[in-house]
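Here's the structure, in C-alpha cells; my notes come after.
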Amino acid sequence: MSKKPKDPVASAPFDSPAHRVFAAAADFTLADVDPSSRPGYKGDKKSGGADLAVVGAALGELQERFFAASRAGAPHKVLLVLQGMDTSGKGGIMRHVIGAVDPQGVSHHAFKAPTAAEAKRDFLWRIARQLPKAGYIGVFDRSHYEDVLIHKVRELSPAEEIERRYGAINDFEANLVDKNTTVIKVMLHISKDEQRKRLAERLDREDKHWKFNPADIDERGLWDDYMGAYETAIQRTGTEAAPWFVVPADKKWYARLAVATLLREALEAIDPQWPAADFDVAEQRSRLARS
C-alpha cells in the first residue's frame, strides 16, 4: 500500500509555509498582489541566492529519493504548472530551480498553439499525453490554462465553451490528485512596467534577440484583459485538491526562491523513502571483498 502524503510543513527561508504565503484564497483578487513585493521573506537578493542554494540542495536529495521510491512501486508524481505573461520568468525557473535536480527524473513540456490535428480533439487530450509518470516531476511551461486565458481574451472560443472548460479542468485535476499526483499551479505575476524593461533588454542585447517576439508588444495592449482572465481562471479553478499559488515575479531571484520552496514543501509532504535492498547486503559486501 502506498503511503499517504503528509500535511505540508513549514520550510525555511520563509516566515510561514510557502504554500500558505502564496495560496490564492477563495476571495482572491489579483490587484491585491503587488508584483514587486516579497511576502514572507525578510532577506534581499544576496541572501535570496544563498537561500536558493540551500533549498536547491534539499530539492536534489528529495527528488533522488522520490525517483528511487518509484522504482520500488511508490505511485506518487508531481506536476508543476507554470503560467505567466511573457518574460515572467518561466525559463529562469527551469534553469535555476528545476536545474537543481537530476534531469532523469524530470519531464518538461512547453505547450504552444495546438496543431491542426490537436485542435480537432478536446483541449485536454494533448495535456493528458504529457503527464508525468510515477517518480517524475513534470513541468508544464504554459498548459491547459492557455485554453481559457488566450481563448477568453482573444475570443477564440464561445463564452459557454470557456465556462465548460473551467469545470473540465477542475474534474481533470481532481482525477490527477486521486491518482497520486501532487499538482502545483503557479502564476508568476509580473507588472506591465517590469515586462517593458525585460522586453527592452531583449532588444538591446544581440544574444537576446532570438527570445524577442514582436507579438508580445501587441499582447501588451490587452494587458488588463489578460489580468482579468487570470483572475477569473484562478477563482474558478483554485480548488482544495489543486490550489493556485500566485508568486510576485518582478524580482527574478525572489520568484525562483518561492517556486523552489513550494516544490520542496510538496516533496517533503510526500516524504519519499529510499527503497529497501532486495538482496542480502552482507553477502554482497563479502562477495565484493573477495572479488
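The table below lists the values:
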| item | result |
| --- | --- |
| Within the range 105-119, tally of residues that are open to solvent by less than 60 Å² (accessible area, probe 1.4 Å), part of a helix (DSSP H, G or I) and farther than 19 Å from Phe172 by Cα | 1 |
| Boolean, Glu231 is touching a Ser or Thr at 6+ places or on another chain (Cβ under 7 Å) and either within 22 Å of Ala53 (Cβ to Cβ) or of a type in the set (A, V, I, L, M, F, W, C) (or both) | no |
| Scope the range 123-149; condition of a type outside the set (Gly, Ala, Ser), touching a residue at least 12 places away in the same chain (Cβ under 8 Å) and over 19 Å from Tyr226 (Cβ atoms); matching residues | Leu124, Arg126, Ile127, Gln130, Leu131, Pro132, Lys133, Tyr136, Ile137, Val139 |
| Search result, residues across the range 234-291 that are of a type in the set (S, T, N, Q) and more than 14 Å from the chain's Cα centre (by Cα) | Gln235, Thr237, Thr239, Gln273, Gln284, Ser286, Ser291 |
| Per-region count, the range 50-63, residues within 19 Å of Asp15 (Cβ to Cβ) and either touching a Ser or Thr at 6+ places or on another chain (Cβ under 7 Å) or open to solvent by 40 Å² or more (accessible area, probe 1.4 Å) (or both) | 4 |
| The range 120-164, residues that are assigned to a helix (DSSP H, G or I) and among the basic types (Lys, Arg) | Arg126, Lys152, Arg164 |
| Residue count, the range 17-47 (criterion: touching a Phe, Trp or Tyr at 6+ places or on another chain (Cβ under 7 Å), of a type in the set (D, E, K, R) and not in a helix (DSSP H, G or I)) | 1 |
| Residue in the range 172-184 that is assigned to a strand (DSSP E or B), touching a residue at least 60 places away in the same chain (Cβ under 8 Å), under 23 Å from Ile93 (Cα atoms) and not polar (S, T, N, Q) present | yes |
| When residues of the range 37-91 are limited to those that are free of Cβ contacts under 8 Å to residues at least 24 places away in the same chain and under 23 Å from Met187 (Cα atoms), the one farthest from the chain's Cα centre (by Cα) | Asp44 |
| Residue count for the range 69-89, restricted to those that are of a type outside the set (Ser, Thr, Tyr), assigned to a helix (DSSP H, G or I) and open to solvent by less than 20 Å² (accessible area, probe 1.4 Å) | 1 |
| Options Ala74, Ala116, Ala110, Ala100: the member that is farther than 27 Å from Arg165 by Cβ, small (Gly, Ala, Ser) and at pLDDT below 95 | Ala100 |
| The range 270-291 - residue that is open to solvent by less than 80 Å² (accessible area, probe 1.4 Å), of a type outside the set (Ser, Thr, Tyr) and part of a helix (DSSP H, G or I) and, of those, nearest to Gly73 (Cα to Cα) | Ile270 |
| Candidate set from the range 21-39 (those that are in contact with a helix residue (DSSP H, G or I) (Cβ under 8 Å, 6 or more places away or on another chain) and of a type in the set (Ser, Thr, Tyr)); member that is surrounded by the most Cβ atoms within 10 Å (Cβ to Cβ) | Ser36 |
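The values are calculated or read from the model by the stated rules, or taken from the named source; none is laboratory data. On a predicted model such as this, the values are computed, not experimentally measured, just so you know. Neighbour counts run over all protein chains shown; Cβ positions are idealised from the backbone, glycine included. Calculation scope for accessible area: heavy atoms of the full protein, side chains included, ligands and nucleic acids excluded. Shrake-Rupley method; radii C 1.70, N 1.55, O 1.52, S 1.80 Å.
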